[in-house]
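Peer 1: Structure incoming, see below.
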Amino acid sequence: MQTFLLAIDRFNTWIGKAFAWVVLVLTFQVTYEVFMRYVFSAPTGWGFDASYMAYGTLFMMAGAYTLARNGHVRGDFLYRNFSPKMQAWFDLVLYFVFFLPAIFAFMYYGWFFARLSWLINERSMFSPNGPLIWPFKALIPIAGFLLLIQGIAEVIRCVIAIRSGRWPDRLSDVEETERLILEQAEAAARLEAAR
């Protein structure tokens, strides 16, 4: 089962890291727009549309990656004091009451929203040249599907933690700064105590 869970984590990590490059596109686009607007007094006709589509793409496609890394916001001031079994029960209930119904609604309505946009060949109304908007809207059900498969992996992790009393391993590629600082402080204290 651990192999299956880590495979889902790896898949969503790959997607998240691939779409992370959109940050560079967004940075270049905003910099170019600001430069053109304030230096040459010649704003682009596509800058606004490009920036909100790039940011929306980044935001949607990073959701499953963030869930794979257990990085979504929660009330940690209470949650971290729970035992792993209690944390798992808490998460499991929240996944079934809030997360899964919301993701199914997101996918269902996102599909119709994207399909209608494609059928009418929707263009943005916010700029004079009106770039196509349906490719951006097509990401909505895709992002929902990625969140769904990661959510299923998280539900399985909850069940394993309830049975075993400890959380199964997950991939990690980043560390919280707070954790790193605490580990360094503990290592320094051990070194000082050893002297």
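Rule-based calculations on the coordinates, nothing more; no lab input. Nothing here was measured: the structure is a model prediction, and the numbers come from that model. Using ideal geometry, Cβ is built from the backbone for each residue, glycine included, and neighbour counts are taken over all protein chains shown.
Peer 1: Kindly state, to the nearest 0.05, the FRET efficiency for S127 paired with V73, given R0 = 45 Å and r defined as their beta-carbon distance.
Peer 2: Working: r = 33 Å, r/R0 = 0.73.
The pair S127/V73 has a calculated efficiency of 0.85.
Peer 1: Cut-off is 10 Å between beta-carbons; in what order do S41, S124, S164, S51 appear when sorted fewest neighbours first? Let's see the in-between values first.
Peer 2: Values: S41 7, S124 18, S164 12, S51 15.
Fewest-to-most ranking of S41, S124, S164, S51: S41, S164, S51, S124.
Peer 1: Quick one: length gained pulling F113 to F4 fully straight, 0.36 nm per residue minus the C-alpha distance?
Peer 2: Values: separation 109, 0.36 × 109 = 39.24 nm, distance 3.19 nm.
In short, 36.1 nm is gained.
Peer 1: For the chain, what does the helix formula give at 222 nm: sum of -39500 (n - 2.57) over DSSP H segments with n ≥ 4, over the residue count, nearest 500 deg cm²/dmol?
Peer 2: It comes out at -23500 deg cm²/dmol, rounded to the nearest 500.
Peer 1: Something else now. What is the spin-label model distance, in nm, from N81 to I181 if the labels are put 7 Å beyond Cα along the C-beta direction?
Peer 2: So the two model labels end up 2.2 nm from each other.
Peer 1: Students often check this: by mean Cβ neighbours within 10 Å, which of 134-140, 79-85 ranks highest, and how do the rest follow?
Peer 2: 134-140, 79-85
Peer 1: Taking the Cα centre of each part, how many Å lie between segment 68-83 and segment 33-51?
Peer 2: Cα centroid to Cα centroid, the span is 41 Å.
Peer 1: Let me ask something else about it. Averaged across orientations, what area in nm² does the convex hull of the alpha carbons in segment 87-150 project? Kindly include the intermediate steps, with their values, before the conclusion.
Peer 2: Numbers: hull surface 21.0 nm².
Projected over every direction and averaged, the Cα hull of segment 87-150 covers 5.2 nm².
Peer 1: So what's the projected area for the chain, the Cα convex hull averaged over all directions, in nm²? Please report the intermediate quantities before stating the final value.
Peer 2: Values: hull surface 64.9 nm².
So the mean shadow area of the Cα hull is 16.2 nm².
Peer 1: With θ set to phi - 60°, apply the Karplus curve 6.51 cos²θ - 1.76 cosθ + 1.60 along segment 161-171 and write out the HN-Hα couplings as whole Hz, x wherever there is a Gly or Pro.
Peer 2: 5, 5, 6, 9, x, 8, 6, x, 5, 9, 5
Peer 1: Segment 110-195: Rg/Rh from Cα coordinates, Kirkwood Rh?
Peer 2: Working: Rg = 23.8 Å, Rh = 17.9 Å.
Using only Cα positions, Rg/Rh for segment 110-195 is 1.33.
Peer 1: Could the peptides 26-39, 98-111, 59-72 be put in order, highest first, of the mean number of other beta-carbon atoms found within 10 Å of their residues?
Peer 2: Working: 26-39: 13.1, 98-111: 15.2, 59-72: 18.6.
Those peptides, ordered most packed to least, come out 59-72, 98-111, 26-39.
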